[in-house]
Structure formats: C-alpha cells, structure tokens
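Chemist: Handing you a structure now.
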C-alpha cells in the first residue's frame, strides 16, 4: 500500500494497525517511494549456555593485560 507522507502523518495509527496485520506500507513523496513501514521481527533470544560459550570463546582469543581494569575498558569504549 502506497501512502503520501502528508497523509501518513494524519493516519499513522491506522497505518500501524495495517502493518501489524501483515501489510507493508510504502511512504511516498510526490509519488516517489522514500520509506517503508514493516513489522518488527522479534529478537532472537539465545540460550544462556550458548551465550556463555561465545563469551568463553571470545575470552580465549582476546587477551587483556592484567594491569588494565574492566572499568578502564568500559570507559574507553564510551569515548
């Protein structure tokens, strides 16, 4: 279903209901498609066991020097 952006602003709730029902909504500007509204796929949840295995595998590949604290690593990642 194609909908102009101006019209979509006033009918957003109805468009979201259509998308929840499985329909795709294409937003257009002057008749040209510019965006698509689609349903969000649920996040894939990993089991704890699998997640721990991945963390252990990563820890074997990445060596952190003993003089570097976890707090320093986190702070550096935020910069």
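Since every read-out is calculated from the coordinates, none of them should be taken as a lab result. These numbers were taken from a predicted model, which means no experiment stands behind them. Here the Cβ is made from the backbone with ideal geometry for all residues, glycine too, and neighbour counts use every protein chain on show.
Chemist: Based on what the data block shows, is residue 30 farther than 30 Å from residue 1 by Cα and either within 24 Å of the chain's Cα centre (by Cα) or loosely packed, with under 10 Cβ neighbours inside 10 Å (or both)?
Modeler: Numbers: farther than 30 Å from residue 1 by Cα: no; either within 24 Å of the chain's Cα centre (by Cα) or loosely packed, with under 10 Cβ neighbours inside 10 Å (or both): yes.
Spelling it out, it is not the case that residue 30 is farther than 30 Å from residue 1 by Cα and either within 24 Å of the chain's Cα centre (by Cα) or loosely packed, with under 10 Cβ neighbours inside 10 Å (or both).
Chemist: Would you call residue 40 within 21 Å of the chain's Cα centre (by Cα) and assigned to a loop (DSSP other than H, G, I, E, B)?
Modeler: Yes.
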